[in-house]
Amino acid sequence: MTAAPAPAQPTVLVVDDEEDLRDIMRRMLERKGFRALVAGNSEQALEICRGQEGDIDILVTDLGLPGVSGGELAHAAAEMRPTMAVVYVSGLLKEIAVDQGLIPDDAVLIKKPFTSDVLIETLHMVISGEAPPTA
């Protein structure tokens, strides 16, 4: 009798210039069964996208990164990993970020501050293909 294979562990790339927030999100994700990769800026994130073996299921990026916006990072990362979903985190309301041209209208944005439950629920909804709630 063979054991059933373990369910796939989704891989999430977290990009935020605030080290404490990156670490908190990494721990939130790992406690809930995700594999977390972290980067402190867009250059590190793109290097991970280039070098990572296997899939990266979701990019979770701060919208306000130094030098390049999270939207610009997501565009560059999508060229390397077209199946990777994107979730933005920001202190801005989604409507403002869309109006300013920072993200597309259909983007998923979680407003800071957020709880681990909001982050995990949003990621599960993105993975399952459900439309996430407007956060």
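The values are calculated or read from the model by the stated rules, or taken from the named source; none is laboratory data. Bear in mind the structure is a predicted one, so any value in this text is a computation, not a measurement. Heads up, the Cβs are rebuilt from the backbone with ideal geometry, glycines too, and the neighbour counts pull from every protein chain shown.
Counting only residues that are surrounded by fewer than 14 Cβ atoms within 10 Å (Cβ to Cβ), over 26 Å from ALA97 (Cα atoms) and not charged (D, E, K, R), segment 31-70 holds 3 of them.
Taking into account only those residues within segment 73-131 that are of a type in the set (D, E, K, R) and within 27 Å of ARG50 (Cα to Cα), which is surrounded by the fewest Cβ atoms within 10 Å (Cβ to Cβ)?
Going through segment 73-131, the residues of a type in the set (D, E, K, R) turn out to be 79, 81, 94-95, 99, 105-106, 111-112, 117, 121, 130.
From what is left, the residues that are within 27 Å of ARG50 (Cα to Cα) are 79, 81, 106.
Numbers: GLU79: 9, ARG81: 16, ASP106: 7.
It comes out as ASP106.
Check whether at least one residue in segment 39-57 is assigned to a strand (DSSP E or B), at pLDDT 95 or above and of a type in the set (S, T, N, Q), and report yes or no.
Taking segment 39-57 as the starting set, the residues that turn out to be assigned to a strand (DSSP E or B) are 39.
Narrowing further to those that are at pLDDT 95 or above: 39.
The next check asks that each one be of a type in the set (S, T, N, Q); those that pass are none.
Within segment 39-57 (the criterion being assigned to a strand (DSSP E or B), at pLDDT 95 or above and of a type in the set (S, T, N, Q)), the answer is no, since none of the residues qualifies.
For segment 47-63, the set of residues classified as more than 12 Å from ASP16 (Cα to Cα) and within 13 Å of the chain's Cα centre (by Cα) consists of CYS49, ILE56, ASP57, ILE58, listed by residue number.
Count, please, the residues in segment 58-101 that happen to be within 23 Å of GLU130 (Cβ to Cβ), outside any helix (DSSP H, G or I), in contact with a helix residue (DSSP H, G or I) (Cβ under 9 Å, 6 or more places away or on another chain) and not aliphatic (A, V, I, L, M). Break it down stepwise before answering.
Our first condition is that a residue be within 23 Å of GLU130 (Cβ to Cβ); within segment 58-101, this holds for 58-61, 63, 70-71, 74, 77-78, 81-90, 93-95, 97-98.
Retained after the next criterion (residues that are outside any helix (DSSP H, G or I)): 58-61, 63, 81-90, 93.
Cutting the leftovers down to in contact with a helix residue (DSSP H, G or I) (Cβ under 9 Å, 6 or more places away or on another chain) gives us 58-61, 63, 81, 84-90.
Subsequent filtering for residues that are not aliphatic (A, V, I, L, M) retains 61, 81, 88, 90.
Of the residues in that region, 4 qualify.
Do we have PRO66 as closer than 23 Å to ASP20 by Cβ and free of Cβ contacts under 8 Å to residues at least 12 places away in the same chain here? No.
Quick one: which residue in ARG27, ARG22 is free of Cβ contacts under 8 Å to residues at least 40 places away in the same chain and surrounded by fewer than 17 Cβ atoms within 10 Å (Cβ to Cβ)?
On the way: ARG22 fails: surrounded by fewer than 17 Cβ atoms within 10 Å (Cβ to Cβ).
So the residue among ARG27, ARG22 that is free of Cβ contacts under 8 Å to residues at least 40 places away in the same chain and surrounded by fewer than 17 Cβ atoms within 10 Å (Cβ to Cβ) is ARG27.
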